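Just so you know, all these numbers are worked out from the coordinates, no wet-lab data involved. A quick note: this is a predicted structure, and the numbers were derived from the prediction, not measured. Backbone-built Cβ (ideal geometry, glycine too); neighbour counts: all protein chains shown.
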Amino acid sequence: MNDYSIYFPNLGIYLDYVPKSFNIFGIEIALYGIIIAFGMMLGLFYAVREAKRTGQNEENYWDLATMLLIFSVIGARLYYVVFYWDMFKDDWLSILNIRNGGLAIYGGVLAGIITVFMFSRKKKLSFWKMADTLTPGLLIGQIIGRFGNFTNREVFGGYTDGLFAMQLPLTMVRKRDISVDIAEHILEGTNYIQVHPTFLYESAWNLALFVFLLFYKKKKKFDGEIFYIYLAGYGIGRAWIEGIRTDQLLIPVLGLPVSQVLAVILTVIGIIMIIWNRRKEKVS
């Protein structure tokens, strides 16, 4: 196995060259950023198409696009920095360097929700209708964006010898992401770790949720239901996946994975709001 290899031995997949970046005219460009940007743009195009299908003004979504992309990235970075503060407290400029990863999805989602809410208030539009329109596009961004973690050799779980076991060269992963369990299973004389590809699990979970919403959206009972289904559906998957990741962001003092706790909270909120709104619809 060379430094650029990524293997899935139990699937018979052996990728011998998966670069982290490429050069154009001497400028190094990280694949991580390209993949995430591509996912976000594709998600935006889908949202604009959905706005047209539902009779909304497409221009509102184009007006929102730049703000949404900027503030979502800022939110994703700040979320990561806050819970990994020890890494940045002595070098504040490193906060600006996202080339090697360090974007937390939930931070981007929360910043995006706030951005859409403020925009809808300013334009006197329905926040819930906009949220329903944007949610499938958000999932597209997440489905594709997780493969940025793949090229970066990050967001993986503990040791496994299951069907989807992934092997990564030791030289290409961050030392802090190698748990005791992983280290104990490094075979003498080898130069790789074997782990759960949690980026793949989450991408597959999001794809299943996207397909469900694709068929369900025409049957929704109230504005906001697609958004609440996303909160609950994504939260269920994230709560489980976060539990096996080795790069968890922890709540200070409590030592609990912040994204796992948040996933459970948002799942409960999503389920409660779906039930409450459906009952309200029946009464009216």
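Given the condition over 22 Å from L163 (Cα atoms) and aliphatic (A, V, I, L, M), answer yes or no: does some residue in the range 198-212 qualify? Yes, that holds for at least one residue. Here G255 does not fit the description of being buried (at least 20 other Cβ atoms within 10 Å of the Cβ) and either assigned to a helix (DSSP H, G or I) or out of contact with any helix residue (DSSP H, G or I) (no Cβ under 7 Å at 6 or more places or on another chain) (or both).
Residue by residue through the range 180-210, note down the ones that are within 25 Å of L11 (Cα to Cα), surrounded by fewer than 18 Cβ atoms within 10 Å (Cβ to Cβ) and either touching a Leu at 6+ places or on another chain (Cβ under 9 Å) or not acidic (D, E) (or both). A183, H185, I186, L187, G189, T190, N191, A204, L207, A208, listed by residue number. Being in a loop (DSSP other than H, G, I, E, B) and out of contact with any Phe, Trp or Tyr (no Cβ under 8 Å at 6 or more places or on another chain) is a property that does not hold for T267. Whenever a residue of the range 151-171 is within 23 Å of G33 (Cα to Cα) and without any contact (Cβ under 8 Å) to a residue 24 or more places away in the chain, its partners that are not in a loop (DSSP other than H, G, I, E, B) and not polar (S, T, N, Q), lying with C-beta atoms within less than 7 angstrom and at least six residues away or across chains, give the pairs L170/Y192; L170/I193.
Checking the range 37-45 against the condition returns a match, with at least one residue being closer than 18 Å to V109 by Cβ and of a type outside the set (A, V, I, L, M, F, W, C). Can you spot a residue in the range 128-151 that is buried (at least 21 other Cβ atoms within 10 Å of the Cβ), of a type outside the set (K, R) and outside any helix (DSSP H, G or I)? Within the range 128-151, none of the residues are buried (at least 21 other Cβ atoms within 10 Å of the Cβ), of a type outside the set (K, R) and outside any helix (DSSP H, G or I). For the range 19-41, filtered to residues that are hydrophobic (A, V, I, L, M, F, W, C) and surrounded by fewer than 15 Cβ atoms within 10 Å (Cβ to Cβ), the residue that is nearest to G189 (Cα to Cα) is F22.
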